[in-house]
Amino acid sequence: MAAPGAAGGGRSGAPAAEWGGFEDNMQGGGSAVIDMENMDDTSGSSFEDMGEMHQRMKEEEEEEAEGEAGAGEEEDGEFLGMKGLRGQLGRQVADQMWQVGKRQASRAFSLYANIDILRPYFDVEPVQVRARLLESMIPVKMINFPQKIAGELYGPLMLVFTLVAILLHGMKTSDTIIREGTLMGTAIGTCFGYWLGVSSFMYFLAYLCNAQITMVQMLSLLGYGLFGHCITLFVTYNIHFHSLFYIFWLVVGGLSTLRMVAVLVSRTVGHTQRLILCGTLAALHMLFLLYLHFAYHKVVEGILDTLEGPNVPPFQRVARDIPVVSNAVLNTTAKAIALTL
Amino acid sequence: MAAAEGSGAGGTLFPGLADVSISQDIPVEGEITVPVGSHSPDEDFSTLDEPVKDTIMRDLKAVGKKFVHVMYPRKSSALLRDWDLWGPLVLCVSLALMLQGGSADSKDDGGPQFAEVFVIIWFGAVVITLNSKLLGGTISFFQSLCVLGYCVMPLTVAMLVCRLVLLAGAGTVSFIIRLIVVGAMFAWSTLASTAFLADSQPPNRKALVVYPIFLFYFVISWMILTFTPQ
């Protein structure tokens, strides 16, 4: 690294003038002050001028421009020759440490806070998104060779937000009351927690079971699996029949689970591993749908029981004025259809 | 530049420095992207002495002009160029205040309603902005926030109308009126913000950007529609 090299060189300030390697960069028999700055500027290109350090050279060029500017200002103000050597040395060391630290911090910041890291995962066309949404409900038949999973994050992210919106709608129409929190916070926490948490857990299991899948692919797979959840909840939050919900749960939830399971099976070797992975995923996926449907009814039923006693018929919903019209219409329609079928 | 001086001085005093090459095109750090910024030293100079009324009126006029732009969404770039967040803040706070107290039980969540609305609007706007940037948009972060915030205005108007309608009664007729009003305002908001934001996207990806905006205004419209006062 340039810093220890420069610090080591600066400590032997006077004898450093005799080093042949730095001859062309010396400023004459001056003070170690100037030497250190100089070493910082050019030692990068002398020591590390190797093939694979090309990147660092480019960075050092930028830094030496900064360092030169700093050195120019400082040596005008503080050039005291040999007299204030120690004080200046200390100051220069501190200054250099600060600059190195600042450089590293800004490098780390531009590396990690760079939004462009995520850009490749959002590189999709609307046609592709639509195709993938429809495919997420169709189980694949070929499990003998690994199925392709698109590592894309736009579709899953939008599906999670849609699920949040649908959940909010469901909570409002079922008059869920959340103490110690907000409706929106609960909805967002539930959906994002499921997506990120279960993805991480499944990725960990996949790592244990030697499955060929990356984290982004896992996120994408699970995210697209939420499409079935969205459809089911959208329908059943508006038409309140438990039997309808169970049908949707089995059919729609089952289809999307089958698809995810088939893709995972195609990427895993060994019966035990396949069983573990797919069993876990299927269980979590289906149970989540069950939870989303029932979690917000329970609150209403509990409150109704305490308020009015056991006279209330079990699956009644205390609706606000909005769903009165729409619910009545939809329920009678569904009943009429069920009767005719 | 100090660097140039350093190398110039190095040429005469320190012969060893003559061949140290320093790139002259040092990347400048900091934002000079907004052209308005280049005027600001002069403006600050002259606006310090003006009466407070002038300053406030100038800002109010800018905000008002943007409101007009939202009401009649033409593809002008004034909204984008001189972005400010005063309008969105005022709209957000007024919407959150009006939505407060619409809970089923009066003994809890009078408070969280305000925080909910606030967080939904700002968090949603940030997510939409990030999404449009990741999809390759050319608009800057705060410009996008500005547009999305200002386009909440039709929904605030809808909230006002809903509150007035609810004062008259809470039956089926009032529900239908509110539904129509909120639906119309929701469509207006979405169209207005799409008119500004979708232009900055590559043409085949407009649908990808419009959908989150649609969802965002849909959630706000839903909160307005399901509001019942105590």
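With the Cα gyration tensor of region A:156-306 giving a ≥ b ≥ c as the square roots of its eigenvalues, does the rule (a/c under 1.5 for rounded; else a/b larger than b/c for prolate; else oblate) give rounded, prolate or oblate? Please report the intermediate quantities before stating the final value.
Numbers: a/c = 2.32, a/b = 1.86, b/c = 1.25.
Prolate shape, in that a/c is at least 1.5 and a/b is the bigger ratio.
The solvent-accessible area of A:D95, taken with every protein chain present and a 1.4 Å probe, is close to 40 Å². For the residues of B:134-140, the average number of beta carbons from a partner chain within 10 Å of their own beta carbon is 3.
Mean per-residue shielding of peptide B:121-129 is 1, counting Cβ atoms of other chains within 10 Å of each Cβ.
Ordering A:S220, B:S94, A:S106 by accessible area with a probe of 1.4 Å, largest first, what comes out? Before the final figure, lay out the partial values.
Values: A:S220 0, B:S94 40, A:S106 65 Å².
Greatest to least solvent exposure: A:S106, B:S94, A:S220.
At an R0 of 35 angstrom, the distance between the Cβ atoms of A:Q147 and A:L244 translates into a FRET efficiency of 0.65.
Per-residue Karplus couplings for region B:178-191, computed as 6.51 cos²θ - 1.76 cosθ + 1.60 with θ equal to phi - 60°, are listed in order as 5, 4, 5, 4, 5, x, 5, 5, 4, 4, 4, 4, 5, 5 Hz, Gly and Pro entered as x.
Note on B:K133: accessible area approximately 50 square angstrom, rounded to 10, probe 1.4 Å, nucleic acids and ligands left out. Solvent-accessible surface of protein heavy atoms, probed at 1.4 angstrom with all chains present, puts A:R130, B:R178, A:R259, A:R274 in the order A:R130, A:R274, A:R259, B:R178, largest first. When nucleic acids and ligands are ignored and a 1.4 Å probe is applied, B:D84 ends up with an accessible area of around 30 Å².
Select from region A:139-246 those trypsin sites (Lys or Arg not before Pro) which occupy a DSSP coil region and have at most 16 other Cβ atoms within 10 Å, ordered by residue number. Before the final figure, lay out the partial values.
Working: sites: A:K141, A:K148, A:K172, A:R179; in loops: A:K141, A:K148, A:R179.
Listed in order of number, the matching sites are A:K141, A:K148, A:R179.
The values are calculated or read from the model by the stated rules, or taken from the named source; none is laboratory data. The structure presented is a predicted model; accordingly, all values stated were derived computationally and were not measured. Note that we place each Cβ from the backbone using ideal geometry, even for glycine, and neighbour counts take in every protein chain shown. These area figures cover heavy atoms from the full protein model, side chains too; ligands, DNA and RNA do not enter into them. Shrake-Rupley method; radii C 1.70, N 1.55, O 1.52, S 1.80 Å.
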